[in-house]
Amino acid sequence: MLDNNIFGVFLKEQRKQKGVSLRVLADKLNVSHSYLSNIENGKKPPPSNALLIEIASALSLDYKSKTLLFDIASEIKNINNKDISAPADISKYLMEKPSLKVLIREADKHGCSNEFWEEVLQVVKDMSQ
């Protein structure tokens, strides 16, 4: 059993809030209900990023809940694997945007601060207004 079952508890809570049974969700995802039950009960770690994206879609999670699902899974994976695992949505976006990988590497090379990234974030937010 995992030391920290925050992910499983969060997933179960989201599933129940949407009124989706474990079996129905498992069928939508083409996985066994026992596999999902083991995740929800902390007997299995969070699933692959691809399955996380499918779960978010199958449950029609809003942006905040989807982001939280991805972030919690990533944190648990990082704790358990001692490897860095980016949240599912970020990993997917990185793979789809090769220039973003170059940008991040250049920023790292030049030692861009968190304040720099906060300014970049504000510019992106301003674009949507």
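Read-outs: derived from the displayed coordinates by stated rules, not from any lab. In this text, all values refer to a predicted model and were calculated from it rather than measured experimentally.
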### Query
³J(HN,Hα) across the range 112-129 via Karplus (A = 6.51, B = -1.76, C = 1.60, θ = phi - 60°), whole Hz, x for Gly/Pro?
4, 7, 4, 4, 4, 5, 5, 5, 4, 4, 5, 4, 5, 4, 5, 5, 8, 9
## Note on the structure
Per the helix-only model, the chain has a calculated mean residue ellipticity at 222 nm (DSSP H runs of ≥4, -39500 (n - 2.57) each, divided over all residues, rounded to the nearest 500) of -22000 deg cm²/dmol
### Query
Over the chain, what is the mean sequence separation of C-alpha contacts under 8 Å (at least six apart), divided by residue count, expressed as relative contact order in percent?
21
### Query
What translational D, rounded to a whole number of µm²/s, comes out for the chain from Stokes-Einstein when the hydrodynamic radius is the Kirkwood one over Cα pairs, at 37 °C and 0.692 mPa s?
202
### Message
Give the lysines whose C-alpha is closer than 17 Å to that of Lys18, dropping any in the same chain fewer than 8 places away, or say none.
### Response
Lys28, Lys64, Lys66
